Amino acid sequence: MTDTHGFTEPVEPSPSVVEANRGVINTVPPNAEDFEDAQRGLIALPDVAVIPTRDDKGVAWNFAGYDFLLDSDDQAPPSVNASLWRQGKLTAVAGLFQVTSSGNRTIYQVRGYDLSNMTIVTGDTGIVVIDPLASYETAQYALKLFRDHTGITTPISAVIYTHSHVDHFGGSRGLFHETGDVIPKDLPVYAPEGFLEHAISENVYAGPAMARRAEYMYAAKLDKGPHGQVGSGLGLTISTGEVTLVPPTHYVGGPLIQPATPGEWSPANVVPWRKGLYQHSVDGIPMVFQLTPGTECPAEMNFYFPELRTMCMAENSTHTLHNILSLRGAQVRDPHAWSTYLTEAIQTFGEYTDVEFASHHWPRWGRERIVEFLSNQRDMYAYLNDQTLRLIDEGFNGIEIAEKLRHLPPGLAEHWYNQGYYGSLSHNFKAVYQRYIGWFDGNPAHLWNLPPVQAGVHYVQAMGGPAEVVRIAREAYQAETPQYRWVVELLNHVIFASGDTADAFEVPADVLQEAKTLQAEAMTQLGYGAENGTWRNFYLTGAEELRTGPQKPTSHGASDLVRSMSLDQFFTAMAKSVDGPKAALEQRSPIVLRWVLTGTGQECTTTLRNGVLIYVEGQDKLAGKPQATISLTREALDQLALSGIHFKENFDEAVRNEQIQVDDQAAADTVFGYLTYPDPVFPLVTPRPAPSGQEPGPVTG
Ligand SMILES: [Zn+2]
């Protein structure tokens, strides 16, 4: 927000927003249990105000920034939806907690040190860490808090990743800060089958766009406070330190850990045998695993600790309605699979569980409370799935379904944990529609829509010009019952009509400025009224960028992910950077490159043809004779992958240093000349700058 940027005073909430924000708290019965659960087992509070980045130049995590949530009384400020305020106060509870204990086993959690939780279990020879947060720095400090306050000094004996989202593995190397970044050679690292493939495909292929949109989703650039960021619903925000990955060594569902047969099933598992369950001891701790692919994440697993009658629900059940489609952009999830795996978890573990925890939010204690919670979350995802399908068959489109079903049935809506703090009913219904039937609603009027700039130009002209549209928008903004959604739709046309392209409309500077200011105010009101943390973050970040322009990104590249890429993935990532139209026009005959990895003997062929880069493992006998053979080490390949815009110059330098051998560099240079490098701060709330003929992009060799 603008509190400290000095551009304007913060926008105050309108009377209608204030009234709506106050009213919302009365729609769900009061319940102090969440606050008791969030505090239960507290051992130590955070002992630092901020966690600095490794280079000491920035802040990876800011505890002090959220003190306003902890210090305030229960009454929400008028500029925050009261339900979201409650969730913000809960997610701001940070520290080291004991979750449960029996014999020589204890489960601890460090919460509020990142978007996610770190869980630590005492094993026979050391400690087992589950989900080491999102950044090296936060993991380092979370582990230090644990060490300082438990006095447990035994080494890390295993690491477990519940799923392939970055907030569950990004801090893995930070666990070994205490040993001078030395990772034991025989350290077992467990993950669900498919982990690495999905971690890479999700974070690398559409990585730049997701990172840009994540800036909106978690509002890293906003000030924290009643007029700004109050959390993200799932946690406060995501840390901005170094993303790392210690690659898994053991996959549940992989060759080493296969489903148990009835004959193999140990009575020590407590839960009865069921088809598809895995039994495996981790540092002497007996565990039962349930794979849940295609739920909250493509590769995810729940697991059970028989000795402790405790289940870990990964991210499949949290104290919010979760996302069917993350607003940062992702492949749409499957709410039917999600609810089905929750049923399986309830049926398998429910009767034998006294404690349940997840990798976000606080645990739950008590068998009945746990079964009720999991069952209601299950019902919620099933309801989303089934009701979308029912209304699709009645001919409704996604936008209509989202408006028609604005509330869950009372039995689900009456629980705080089913509120839409991270996912929302509105965007989830549209996501389920997209999953089953796609972007097109069958109405040919929506088959070939005008793009934003052209649509803006035509609407603004038809409505009497930009000044007139701004006047209508202001009237709707100031009405007794303000129409903020209509205001942002109208003004979006004015702002995009000004796009600097051949189609654009000349919007006078003062009118454009007025449109942006009013648009920012309307988005701010929508943000203040949002129960969903990520909606609030999107609206308020959009408003901020309308005032100040796009901001530099804060996220840091993940070199460990690049090093874990297969050759196929490396060239898939390269292929999506090719300027297809240009390459297709200029190169009418294929360019074949042979790649040889010295050391491993791996070999592959890439062919640039018709604007695409085709990858074939080994030799491609049908592609014709290679124009060039490139021999390089895996290390040199990783360096190239990390080069970004410096790809070409790094390649040339590696050739000069003889780290790379190439027999016909001109052919290789031609291919590399078509690689493009996206601007990491592309605009979202304003039109893109003009293609002036000097577009950032192809680096010609
Ligand atoms: Zn997560």
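The values are calculated or read from the model by the stated rules, or taken from the named source; none is laboratory data. Note that the structure is predicted; figures quoted are calculated from it, not measured. Virtual Cβ from ideal backbone geometry, glycine too; neighbours counted across all protein chains shown.
A few notes on this one:
- Residue that is farthest from the chain's Cα centre (by Cα), among those in the range 508-550 that are surrounded by 22 or more Cβ atoms within 10 Å (Cβ to Cβ) and of a type in the set (Val, Ile, Thr): 524
- Residue in the range 31-42 that is closer than 24 Å to residue 150 by Cα, aliphatic (A, V, I, L, M) and touching a residue at least 12 places away in the same chain (Cβ under 8 Å) present: yes
- Helices (runs of 4 or more DSSP H) wholly inside the range 483-548 that include at least 1 residues being closer than 16 Å to residue 225 by Cα and among the polar types (S, T, N, Q): 509-529, 533-548
- Yes/no for residue 349 being assigned to a helix (DSSP H, G or I) and either without any contact (Cβ under 8 Å) to a residue 12 or more places away in the chain or not hydroxyl-bearing (Ser, Thr, Tyr) (or both): yes
- Any chance residue 28 is more than 26 Å from residue 152 (Cα to Cα), at pLDDT 95 or above, over 23 Å from the mean Cα position of the chain (by Cα) and surrounded by 14 or more Cβ atoms within 10 Å (Cβ to Cβ): no
- Of the residues making up the range 105-126, those that are out of contact with any Lys or Arg (no Cβ under 9 Å at 6 or more places or on another chain) and either under 20 Å from residue 93 (Cα atoms) or crowded, with 24+ Cβ neighbours inside 10 Å (or both) are 107, 108, 109, 110, 111, 112, 113, 114, 115, 116, 119, 120.
- Considering only residues in the range 241-258 that are surrounded by 24 or more Cβ atoms within 10 Å (Cβ to Cβ) and among the hydrophobic types (A, V, I, L, M, F, W, C), the one that is farthest from the ligand (Cβ to nearest atom) turns out to be 252.
- Residues of the range 574-602 that are buried (at least 16 other Cβ atoms within 10 Å of the Cβ) and either under 20 Å from residue 632 (Cβ atoms) or of a type in the set (A, V, I, L, M, F, W, C) (or both): 574, 575, 577, 578, 583, 584, 591, 592, 593, 594, 595, 597.
- Taking first residues from the range 158-174 that are over 20 Å from residue 123 (Cα atoms) and within 10 Å of the ligand (Cβ to nearest atom) and partners that are among the charged types (D, E, K, R) and modelled with pLDDT of 95 or more, the Cβ contacts under 6 Å between residues at least 6 apart in sequence or on separate chains come to 163/300; 168/131.
- The set of residues in the range 295-328 being more than 16 Å from the ligand (Cβ to nearest atom) and in a loop (DSSP other than H, G, I, E, B) consists of 309 alone.
- Helices (runs of 4 or more DSSP H) within the range 590-678 that include 3 or more residues in contact (Cβ under 8 Å) with a residue 24 or more places away in the chain and in contact with a helix residue (DSSP H, G or I) (Cβ under 6 Å, 6 or more places away or on another chain): 634-641
- Looking across 421, 381, 417, 352, one residue alone is assigned by TED's automatic domain parsing to the domain that holds residue 317, under 19 Å from residue 319 (Cβ atoms), buried (at least 16 other Cβ atoms within 10 Å of the Cβ) and modelled with pLDDT of 95 or more. It is 381.
- Residue tally, condition within 16 Å of the ligand (Cβ to nearest atom) and outside any helix (DSSP H, G or I), over the range 358-396: 6
- Here residue 133 meets the list (1) within 16 Å of the ligand (Cβ to nearest atom); (2) in a loop (DSSP other than H, G, I, E, B); (3) over 26 Å from residue 102 (Cα atoms) almost entirely, failing just condition (3).
- Count of the range 84-104 residues, restricted to those that are away from the ligand (no atom under 16 Å from the Cβ), among the hydroxyl-bearing types (Ser, Thr, Tyr) and crowded, with 24+ Cβ neighbours inside 10 Å, is 0.
- Scan of the range 52-72 for residues that are closer than 21 Å to residue 243 by Cβ, touching a helix residue (DSSP H, G or I) at 6+ places or on another chain (Cβ under 9 Å) and assigned to a loop (DSSP other than H, G, I, E, B), ordered by number: 53, 54
- Looking only at the range 124-172, residues that are of a type in the set (Gly, Ala, Ser) and closer than 17 Å to residue 54 by Cβ come to 7 in all.
- Tabulated pairs, the range 355-373, first without any contact (Cβ under 8 Å) to a residue 12 or more places away in the chain, second within 16 Å of the ligand (Cβ to nearest atom) and part of a loop (DSSP other than H, G, I, E, B), C-beta under 6 angstrom, 6+ apart or interchain: none
- Scanning the range 221-240 for residues that are of a type in the set (Gly, Ala, Ser) and within 16 Å of the ligand (Cβ to nearest atom) yields 231, 232, 233, 235, 239.
- Subset of the range 204-243 [of a type in the set (Ser, Thr, Tyr) and part of a helix (DSSP H, G or I)]: 205, 216, 218
- Residue list for the range 105-126, filter: more than 16 Å from the ligand (Cβ to nearest atom) and in contact with an Asp or Glu (Cβ under 8 Å, 6 or more places away or on another chain): 105, 123, 124, 125, 126
- The range 136-157, subset in contact with an Asp or Glu (Cβ under 6 Å, 6 or more places away or on another chain) and not β-branched (Val, Ile, Thr), residue farthest from the ligand (Cβ to nearest atom): 157
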